[in-house]
1. Residue by residue through the stretch 51-62, what is 3J(HN,Hα) from phi via Karplus (6.51 cos²θ - 1.76 cosθ + 1.60, θ = phi - 60°)? Round to whole Hz and write x for glycine and proline.
2. Show me, bin by bin at 5 Å from 0, the whole-percent P(r) of the chain based on Cα pairs.
3. Given springs between every Cα pair under 10 Å in a Gaussian network model of the chain, which of Lys87, Lys25, Lys72 has the largest fluctuation?
4. Which residue fluctuates the most in the chain, going by a Gaussian network model with Cα springs under 10 Å, if the choices are Asn48, Asn84, Asn139?
5. How big is the shadow of the Cα convex hull of the stretch 63-154, averaged over all directions, in nm²?
6. Size of the dipole of the chain about the Cα centre, Lys and Arg at +1 and Asp and Glu at -1 on the beta carbon, nothing else charged, in debye to 20?
7. For a quick check, take a GNM of the chain with Cα springs below 10 Å and name the residue from Pro108, Pro146, Pro209 with the largest mean-square fluctuation.
8. Count the net charge of all other residues whose Cβ sits under 14 Å from the Cβ of Phe127, scoring Lys and Arg as +1 and Asp and Glu as -1.
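Each value in this text was obtained by applying a stated rule to the coordinates, not by laboratory testing. Note that the coordinates shown come from a computational prediction; the quantities given were computed from them, not determined experimentally. For neighbour counting, all protein chains shown are included, and Cβ atoms are generated from backbone atoms with ideal geometry for every residue, glycine included.
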Amino acid sequence: MDSKNNSEIEAELKKLGYWNEIYSKQNYFGTGPTILAIEAQEIIKKNNISNILELGCGQGRDSLFFANLGCKVIGTDISENAINFVKQIKNKQNLENLELFVHDTLNPFTFKNSNFELVYSNLALQFFDLTQLSQIFSNIKKIMEPNSFFFFSTKKPGDKYFEFGNKISENSFEYNGITRFFFNKTELENILKNHFTIMSFEDDFHINPDETKSIWWKILVKN
Ligand SMILES: C[S@@+](CC[C@H](N)C(=O)[O-])C[C@H]1O[C@@H](n2cnc3c(N)ncnc32)[C@H](O)[C@@H]1O
């Protein structure tokens, strides 16, 4: 039974509407691979990785890149429009090694195979508070092979969406129905180390097509 109240349902629909509207345009965030995916390629090569899960794959720029490297890839996103867009490219490129699912990262993973050697996510985890992130990390750990990797980026204070829109708390801001969280290194390390071994924790940035600057944490952990 769904226990959401009316305002929660409304907020959920607004969020889905936001992402589906964005993804009514082609390659909204540009084409890949992203900076993070290029770094992931090194991890893939060095560790002979063949099974990858991407969370919040959007229009698939990185999932398509990994699939074209020959890896078996599952891409997930909350937006049906995004997933349908990637499915079209997958079919055009005949990528049988790429599977795509509409999935809310907050929900447990129910894949038949749960032997991922790399769980990857580029800028799709800043929508969750620390309690939710901790639950997500715990869910991810359950579907990872021993000695496998989780490589992700998430927004950092100073990013273009930091102190932008409605202030929800010291480290979260809402704009257009989307709340983004900006945690410091210690906050993230504290929950990550309950689940994983931290291999590297750095920051990085990119300049967007509209000249704004996105600043993010780049985190590699091992199961
Ligand atoms: C900034 S975009 C990044 C997309 C993609 N990783 C890329 O680099 O192009 C954030 C993505 O997170 C997805 N997203 C937001 N909330 C989500 C959730 N609860 N579950 C799954 N995906 C979510 C959005 O639909 C969007 O595709």
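1. 10, 10, 10, 10, 9, x, 6, x, 8, x, 4, 8
2. Going from the shortest bin to the longest, the percentages are 1, 7, 14, 19, 21, 18, 12, 6, 1, 0.
3. Lys25
4. Asn48
5. 6.0 nm²
6. Numbers: 24 positive and 28 negative charges, 98 e Å.
Result for the chain is approximately 480 debye, rounded to the nearest 20.
7. The residue with the greatest mean-square fluctuation here is Pro209.
8. On the way: positive: Lys14, Lys15, Lys155, Arg180; negative: Glu12, Asp77, Asp104, Asp129, Asp159, Glu174.
Surrounding charge for Phe127 is -2.
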